[in-house]
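The values are calculated or read from the model by the stated rules, or taken from the named source; none is laboratory data. Quick caveat: nothing in here was measured; it's all calculated off a predicted structure. Counting neighbours? That spans all protein chains shown, and the Cβs are built from the backbone with ideal geometry, glycine included. The area values use the complete protein model at the heavy-atom level, side chains included, leaving out ligands, DNA and RNA. Shrake-Rupley method; radii C 1.70, N 1.55, O 1.52, S 1.80 Å.
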Amino acid sequence: MSREEEIQKKIQDNAIQEIDKDDPDVIAYLRVFRALPKTREYSVPERFAETVIRKLERKQKRIFLLHEYMWLTAGILLLVTAGAYTVTRLDFKIDFGFLNAFSYKGVLVFGIFFIAMLNYIDRRVIRKTKKLI
Amino acid sequence: MAGMDDRILVTRIIDGDLHAFRVLINQNEKLVAHMVGRLIKHDGEREDLCQEVFIRVYEKLSEFNFQSKLSTWIATIAYRHAINHLRKRKIVTEQIEDAVLQEKFLTEVNPEITLSENDMDEFMMLLIDALPASYKTVLLLFHKDNLRYSEIAAITGMPEGTVKNYLFRARNILKEQLLKQIGKENIR
């Protein structure tokens, strides 16, 4: 063990004797050891926890929206691809005959009601069960 | 092993209990503030980093395996986050070779740390502050936070032998710099 190590160990073990205190190295080390526990304390502002939680919530909301937009984009791309494929494979020709649907009022009313019900279930039931902080 | 309180707290946070997360923040904010504060000098950056540390803690909490105390794990995240921040800002933090360290601290007069001889404590604080990040961290974790060598090793990712070595060298540097600035004849 070097002399420096020995001095440090003695101070750490509270084994310094009066006679040692004539040694400048010992005195210097004592000053160092005395100063170390007195170093500056750092703190965070008040309501720090609230700030962190708000930041976390914003981050999670951003990620959620990003996922939603990704799925929306994927859905639109899939729809367009499927539509394009169907048109080319089935030799589809545009025919405005679908406007005859207005003759089938029952089907029309059912269609509107069905889509509205799906939207309602999506907003009230499905979205509520998702863990959105 | 982590206490039962830590287990309950972690489980609740993973389940989405924000109140439990608030408790975790309150329990550990001082520790994180110290870990970050010792390495980051700018107040604004310090607060931002402390916030980011806790967000990271929240995101990584499911990976905590209770092999250490929760506070030790959090301190590790805080330390690494601060060190990475310093690296991005290209502020030197890495282990400095002995020869370079000796040259910088024991032969080079640093005008920033020249102070009145009367204000010894303030002078010592500046000397401590001038140490390389990893030396300062190890020194203060031991002397200020009273952590064991094994805990310091876990937080910093250094082997225990390196922790002891850094402690010895850091104290030695401070002693030598103190004697150099004050003079052996004036040290009483």
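Structural remarks
- Applying the criteria of a DSSP loop state and at most 15 other Cβ atoms within 10 Å to the GluC sites (Glu not before Pro) of the stretch A:26-98 yields A:41, A:46.
- Each of residue B:42 and residue A:123 was given a label point 7 Å from its Cα along the Cα-to-Cβ line. The distance between the two points is 4.6 nm.
- Cβ-derived FRET efficiency at R0 56 Å, residue B:165 paired with residue A:82, nearest 0.05: 0.25
- Heavy atoms of chains B and A lose about 3900 Å² of accessible surface on contact, summed over both sides with a 1.4 Å probe.
- Under a model in which nothing but the beta-carbon of Lys, Arg (+1) and Asp, Glu (-1) is charged, the protein assembly as shown shows a dipole of about 1840 debye around its Cα centre.
- Local charge for residue A:8 was computed over the other residues whose Cβ lies under 11 Å away, with Lys and Arg +1 and Asp and Glu -1, and equals +2.
- Residues in the stretch A:36-49 carry Karplus couplings, in order, of 4, x, 8, 4, 4, 8, 10, 9, 9, x, 5, 6, 4, 4 Hz; the curve used is 6.51 cos²θ - 1.76 cosθ + 1.60 with θ = phi - 60°, and Gly or Pro positions show x.
- Efficiency of FRET between residue A:108 and residue B:15 - r from beta-carbon atoms, R0 56 angstrom, step 0.05: 0.75
- Stretchable slack from residue A:9 to residue A:115, in nm (0.36 nm times residue separation minus alpha-carbon distance): 30.2 nm
- Largest-first ordering by accessible area, 1.4 Å probe, given options B:126, A:77, B:147: A:77, B:126, B:147
- Residue B:144 exposes around 40 Å² of accessible area when a 1.4 Å probe is run over every protein chain in place.
- Cβ-Cβ FRET estimate between residue B:120 and residue A:63, R0 fixed at 41 Å, reported to 0.05: 0.20
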